[in-house]
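Below is one structure, written out as structure tokens, with a few remarks after it.
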Amino acid sequence: MLYIIWNKKNTEKQYGKRGAKGLKKAFNEIKGANVIDSTPENLSDIVFNSEKEDSFLIVGGHKLFPFYEVDNPTTDGDRIVWTDNFYGSTDDDPLLPERAMGRLPDGRDLDFLLIQIAKVRETQNKSIPNEATFGLSTAVWEDTSRNIYKIISDNELLLSPAETTDTIKIEENTEILYFNLHGSNRTNKWYGQGGIRYPVALTPLNIPDLRDAIVFTEACYGAYTIDKEISESLALTFIQAGTRCFVGSTTVAYGPRVPPPTEADLLASLFFHEILKGNKFGFALLNAKHEFFKIIIDKQGFLDGDDKKTLLQFVLYGNPEDRLSHRDTENTKKKHRDEKRK
């Protein structure tokens, strides 16, 4: 079952009673969903009494339904880590959730939120096709990024530099996109790196119509949307362009320059493997986090601060019940190989 979680009081404060009423009406058009007006404090009880097959969709950004705040387990500049893990936990440990979670950020725009809710209704019991892919990485992370991108595609991974926002072209309706770039919580841009050069690699102007797209970004603050309007955030711009599944980090993220993958690179790899199995997006991220935990424990016997932060910081924007078509996932790489022979 899909639980739709919202906070009526905060919604009315932000969008008025009329706006909250419009949202409630939109919720009621989603068949089979259990719509619950909840506070963050009460959500734990709801999750505890749910089944492991259930998933949860939080409606709104930080002001409508706040992210859970965890003290940063690393020594970087982030004071806290914003996470939805805690809301998916059946205990008081936010590190590993037991339920699949998703969120629909609002970008301070009620119509933007209503459009996302309509997409949840439209995709009930439907799968998302998997036809075209796009990958872009900093030049200094080429080796590890290629190692990840080859999981989903035989296409060329683009590098920045030499690529910049002036040369990048993402084709309309590309359906899986992978980014391993630098990001910031102060700008709406992602950046490449080549030596001491950090060219602008991606801005909202680079994003075309991306109906049904899946985006995974390792960029620092790639999913940071707090107090952001749509044009101020690449994550929100991707969603506005039609992306149904966006996975990214709310804070500074980590990853090695070369394989084998660890931290954000490892999580990206595991997530792509999960969606290619045909798993629902929310469960794909959930399973990836649990597998990440097992791999790191087997490898080094403990989780360091970077590992803990990786598990906490990656969130899913979109319906956790959506998925790729299993038939299409099996045929995708064969299709890319056939196209190369032409």
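The values are calculated or read from the model by the stated rules, or taken from the named source; none is laboratory data. Quick caveat, the model's predicted, so the values are computed rather than measured. Cβ atoms come from the backbone with ideal geometry, glycine included; neighbour counts cover every protein chain shown.
Side notes on the structure shown:
- Residue within segment 283-294 that is of a type in the set (Phe, Trp, Tyr) and within 12 Å of the chain's Cα centre (by Cα) present: no
- Residue-level analysis places Ser231 outside the set of residues that are crowded, with 20+ Cβ neighbours inside 10 Å and among the polar types (S, T, N, Q).
- Exactly one residue out of Leu311, Leu266, Leu234 is out of contact with any Asp or Glu (no Cβ under 8 Å at 6 or more places or on another chain) and touching a residue at least 60 places away in the same chain (Cβ under 8 Å): that is Leu311.
- Among the residues of segment 305-342, just one is loosely packed, with under 15 Cβ neighbours inside 10 Å and either modelled with pLDDT of 95 or more or of a type in the set (Val, Ile, Thr) (or both), namely Gly305.
Results for (1) among the hydrophobic types (A, V, I, L, M, F, W, C); (2) not in a loop (DSSP other than H, G, I, E, B), shown as yes or no for each residue.
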| position | (1), (2) |
| --- | --- |
| Val247 | yes, yes |
| Pro259 | no, no |
| Lys289 | no, yes |
| Asp306 | no, yes |
| Thr310 | no, yes |
| Pro320 | no, no |
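- Residue match in segment 60-73 (condition: more than 23 Å from the chain's Cα centre (by Cα), aromatic (Phe, Trp, Tyr) and either surrounded by fewer than 18 Cβ atoms within 10 Å (Cβ to Cβ) or assigned by TED's automatic domain parsing to the domain that holds Arg99 (or both)): no
- For segment 4-26, residues that are buried (at least 19 other Cβ atoms within 10 Å of the Cβ), of a type outside the set (Val, Ile, Thr) and in contact with a strand residue (DSSP E or B) (Cβ under 9 Å, 6 or more places away or on another chain) total 4.
- Filtered residues of segment 244-253 (kept if surrounded by 23 or more Cβ atoms within 10 Å (Cβ to Cβ) and β-branched (Val, Ile, Thr)): Val247, Thr250, Thr251
- Exactly one residue out of Arg197, Arg244 is among the charged types (D, E, K, R) and under 12 Å from the mean Cα position of the chain (by Cα): that is Arg244.
- Of the listed requirements (1) outside any helix (DSSP H, G or I); (2) in contact (Cβ under 8 Å) with a residue 24 or more places away in the chain, Phe302 misses just one: (2).
- Scanning segment 31-53 for residues that are in a helix (DSSP H, G or I) and not small (Gly, Ala, Ser) returns Pro40, Glu41, Asn42, Leu43, Asp45, Ile46, Val47, Phe48.
- Some residue of segment 244-261 being under 20 Å from Asp111 (Cβ atoms) and not polar (S, T, N, Q): yes
- For Leu205, the conditions (1) touching a residue at least 24 places away in the same chain (Cβ under 8 Å); (2) among the aliphatic types (A, V, I, L, M); (3) closer than 27 Å to Asp306 by Cβ are fulfilled apart from (3).
- Scanning segment 183-223 for residues that are part of a strand (DSSP E or B), surrounded by 21 or more Cβ atoms within 10 Å (Cβ to Cβ) and not polar (S, T, N, Q) gives Trp190, Tyr191, Ala201, Leu202, Ile214, Val215, Phe216.
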